[in-house]
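Asks: The structure follows.
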Amino acid sequence: MASEDKKASSPPSSADLDPRLYDCDHLFGGVDFAKGAKQGTWSASLWRAASAVTVSTVGVSSRIWLKVFNSTRVHGLERLLTAVRGPRGGGRGEGQQEVPLITVANHHSCMDEPLLWGVLSVRELTSQQLMRWALAAHDICFSNRLHANFFALGKSVPIARGDGVYQKGMDFALERLREGHWLHVYPEGKVNADKEMIRYKWGVGRLITECRPQAPLPVVVPIYHLGMDTILPNKRPYIPRFGQRVTVVIGEPILLEETVTRLESRGAGAEEKRRTITAVIQERMEKLRIEAEIWHAKHEYE
């Protein structure tokens, strides 16, 4: 009986889903995502308008939930704001490409996305153009037409776990980075309910190394948070809670130029590049975790 319950509550497999639900061409086809681009069709313009409403509504709601209904402490917020605003602003000269941004964070709860972005100001949260794209599990977020449309409008990119680093969702995400957009990644590849240090997926390494030469190397900002799983526990009943303590720590940008240049100069293969870059990011995240645990312990006793 227990096994039947578990089977009933598990997400559908890829074989059970209509491929169009998580096909980027079907979800985003016809929309021009280049900065300042005018849409060529009324349907694309309508999609952008609906996306703006979705992004703004979810973003502001996340801020209220995080800041009003729960106690949240953020450390290093200026680093994130500088990265979000800075690479997208001017100051690099006419004709220069915009610098893409990748943020990476640990994944402890299904509420991490989009609740984590409640730390931003309303200025960012209500900007469809500025807000992040995020990689999302296709079998959870794109399991039916309603979910697929909602998450696509919210700038989520379907990723089929187990299909490797070369798949349509990853190609779509890479295209957005090359246009100078912001992409958020949970490199653990799943909700890490046990909070173990598991090996990061190499997809983030591909996204970084393959931005060049079409675009500058992305700015990579690490984020570690604790307490999200108290707002939405990873067990039944899945009911959001109030009055919880959340700590978010934003680290210094991870400088990868030297590492990538060294790999390129000695002719390293694609797999070695992905593996090396991902390992650098994981090492930085492990250090940031210690800092977050210290801040969170202080927060709990306030």
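Asks: Which links in Lys35/Lys287; Lys155/Lys298; Lys168/Lys201; Lys190/Lys235 stretch past 27 Å when you go from one Cα to the other?
Replies: Distance filter (> 27 Å) returns Lys35/Lys287; Lys155/Lys298.
Asks: Here is a further query. Among Met131, Met111, Met197, whose mean-square fluctuation peaks in a Gaussian network model of the chain (Cα, cutoff 10 Å)?
Replies: Of Met131, Met111, Met197, the most mobile in the Gaussian network model is Met197.
Asks: Calculate, in nm to one decimal, what Ala270 and Ser61 gain on full extension: separation in residues at 0.36 nm each, minus their alpha carbon distance.
Replies: Using 0.36 nm per residue and subtracting the Cα-Cα distance, I get 71.2 nm.
Asks: If you don't mind, another one. Bins of 10 Å, beginning at zero and ending with the bin holding the largest distance: percent of Cα pairs per bin for the range 24-68, please.
Replies: With 10 Å bins starting at 0, P(r) equals 25, 41, 22, 11, 0.
Asks: Relative to the Cα centre, what is the charge dipole magnitude of the range 16-300, using +1 at the beta carbon of each Lys and Arg, -1 at the beta carbon of each Asp and Glu, and rounding to the nearest 20 debye?
Replies: Approximately 540 debye in magnitude.
Asks: Then there's this: Along the charge dipole of the range 16-300, Cβ charges K/R +1 and D/E -1, which of Pro218, Gly251, Leu77 sits furthest on the positive end?
Replies: Leu77
Asks: Here's another thing I want to ask about it. Percent relative contact order of the chain, based on C-alpha pairs within less than 8 angstrom and at least six residues apart?
Replies: 23 percent
Asks: Compute the separation of the alpha-carbon centres of the range 237-302 and the range 168-194 and state it in Å as a whole number.
Replies: Here the answer is 14 Å between Cα centres.
Asks: So, one more: Taking the chain, how much of its Cα-Cα pair set, in percent, is spaced more than 37 angstrom apart?
Replies: Tail fraction, whole percent: 12.
No value in this document is a laboratory result; all are computed from the given coordinates. What you see is a predicted model; the values in this text were computed from it and never measured. We place every Cβ from the backbone using ideal geometry, glycine too, and count neighbours over all the protein chains shown.
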